[in-house]
Amino acid sequence: MEIKYNLQDINKVAKSLLEFFETKNVKIIAFNAPMAAGKTTLIKEICNLLGVKSDVTSPSFAIINEYVDEAKQKVYHFDFYRLESIEDALNIGVEDYFYSENYCFIEWPEVVMPILPKNTLFVGIEILNALERKLIVSE
């Protein structure tokens, strides 16, 4: 799936993505994109659509943020930018989160690629210009 969009249409894009995730019955989504491409912004919109009421922010320093959606299910948001090795990820118990059957949105997934579940979806974000992006979703 490929979508070109303007940043002001982020809500529509998030809705399309969430519907796609639900159709595929996938809850582990890894976002690959350069710095400032809009990973956190897109995840925030998806969380809003899930009914998360708390403030969705980048977990850059916390590594993991935990939210609760309107169905009282946990939603996990990871930022692995600062992790140096797969051992760092294993030490914080990421596999427990990945196999929890809750949504897991992962920014900077490179370090955990070898332990991501087989049904992980990958969302690449390409910066086209200051206001436009292109999403490429793959399995």
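A short reminder: the numbers here are calculations on the coordinates, not readings from a lab. Here the structure is a predicted model, which means the values were calculated and not measured. For neighbour counting, all protein chains shown are included, and Cβ atoms are generated from backbone atoms with ideal geometry for every residue, glycine included.
Odds and ends about this structure:
- Shown here for segment 89-139: chymotrypsin sites (Phe, Trp or Tyr not before Pro) in loop regions (DSSP other than H, G, I, E, B) with at most 12 other Cβ atoms within 10 Å, namely TYR99.
- Built amide H within the under 5 Å cut-off of VAL75, gap 5+: TYR67, VAL68, ASP69
- Using a Förster distance of 22 Å, the FRET efficiency for ILE115-LEU7 (Cβ separation, nearest 0.05): 0.10
- When you filter the GluC sites (Glu not before Pro) in segment 58-108 for DSSP loop state and at most 15 other Cβ atoms inside 10 Å of their Cβ, you are left with GLU70, GLU84, GLU101.
- Karplus-derived HN-Hα couplings along segment 18-29 (A = 6.51, B = -1.76, C = 1.60, θ = phi - 60°), whole Hz, x at Gly and Pro: 4, 4, 5, 4, 5, 4, 7, 6, 10, 10, 10, 10
- Entries of LYS24/LYS72; LYS4/LYS39; LYS15/LYS134 with Cα pairs more than 18 Å apart: LYS24/LYS72
- Segment 16-95-segment 99-131 distance, computed between alpha-carbon centres (Å): 8
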